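Heads up: the structure comes next, in structure tokens.
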Amino acid sequence: TPTRVITEALPMTTKLTQLSLYDNNIGELGARAISDALPRSRLTDLQLGRNAVGDGGAEALANALAQSQLTELNLAANSVSEPGARALAQKLAESHLTELQLGSNWIGDEGARALAKVLPESQLTELNLASNTIGEAGAVALAGTLSKSRLTNLRLESNSVGEAGARA
């Protein structure tokens, strides 16, 4: 498969630091193949938006974060829900990620809470959670950790944060 060809080449490339496979329908299996190659690659920026990686793909990538050099990861529009967000959150503090794009997924309040809990221990400066069915509870949880985090950019547009979430 094309994904396999790319993942087999990743460890052998000494100059490639950015890879965009945006909108290539790699699915969970492609995400798993990439995650297996990440620890042996020099990639710092991985763009996988619109690839239907789902929670399984997000979990596989999360498990590879600590052994990778990634500083930017884009998983926008990938059908990632609360389990995928929780898996990423569990590995954030061990990673080098400074930018995480999760816009247009379905992480909801519980996914937002999981991410909020680890923000102070993470290196993240940019977090995109736009269009993620996050309500007041998720927004309040995120707001509660902002002052302890390194975030300089938090995107929450097109959610349902409501008045209490906006005030938080």
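The values are calculated or read from the model by the stated rules, or taken from the named source; none is laboratory data. Just so it is clear, the structure is predicted and the values come from calculations on it, not from any experiment. All Cβ positions, even for glycine, are placed from backbone atoms using ideal geometry, and neighbour counts span all protein chains on display. Ligands, DNA and RNA are stripped out before the accessible areas are found, and what is left, the full protein with its side chains, is counted by its heavy atoms. Shrake-Rupley method; radii C 1.70, N 1.55, O 1.52, S 1.80 Å.
Yes/no matrix, rows are residues, columns are (1) over 20 Å from L73 (Cα atoms); (2) in a strand (DSSP E or B); (3) not small (G, A, S):
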site: K91; (1), (2), (3): no, no, yes
site: S95; (1), (2), (3): no, no, no
site: V140; (1), (2), (3): yes, no, yes
site: S158; (1), (2), (3): yes, no, no
Any pair with Cβ under 6 angstrom, 6 or more apart, that starts in segment 118-139 at a residue that is over 18 Å from A66 (Cβ atoms) and ends at one that is at pLDDT below 95 and hydroxyl-bearing (S, T, Y): G135/S160
Output for segment 1-23, where each listed residue is modelled with pLDDT under 95 and open to solvent by 60 Å² or more (accessible area, probe 1.4 Å): T1, P2, R4, V5, E8, M12, T14, K15, L16
Criterion (of a type in the set (D, E), open to solvent by less than 70 Å² (accessible area, probe 1.4 Å) and under 15 Å from the mean Cα position of the chain (by Cα)) met by exactly one of E94, E28, E99: E99
Number of the exception - A64 against (1) of a type outside the set (S, T, Y); (2) free of Cβ contacts under 8 Å to residues at least 12 places away in the same chain; (3) in contact with a helix residue (DSSP H, G or I) (Cβ under 7 Å, 6 or more places away or on another chain): (2)
Within segment 142-156, considering residues that are outside any loop (DSSP other than H, G, I, E, B) and touching a helix residue (DSSP H, G or I) at 6+ places or on another chain (Cβ under 6 Å), the one least open to solvent (accessible area, probe 1.4 Å): L142
Residues satisfying the stated conditions in segment 47-83, i.e. part of a loop (DSSP other than H, G, I, E, B), open to solvent by less than 10 Å² (accessible area, probe 1.4 Å) and closer than 23 Å to T125 by Cβ: L48, G49, S68, L70, L75, N78, V80
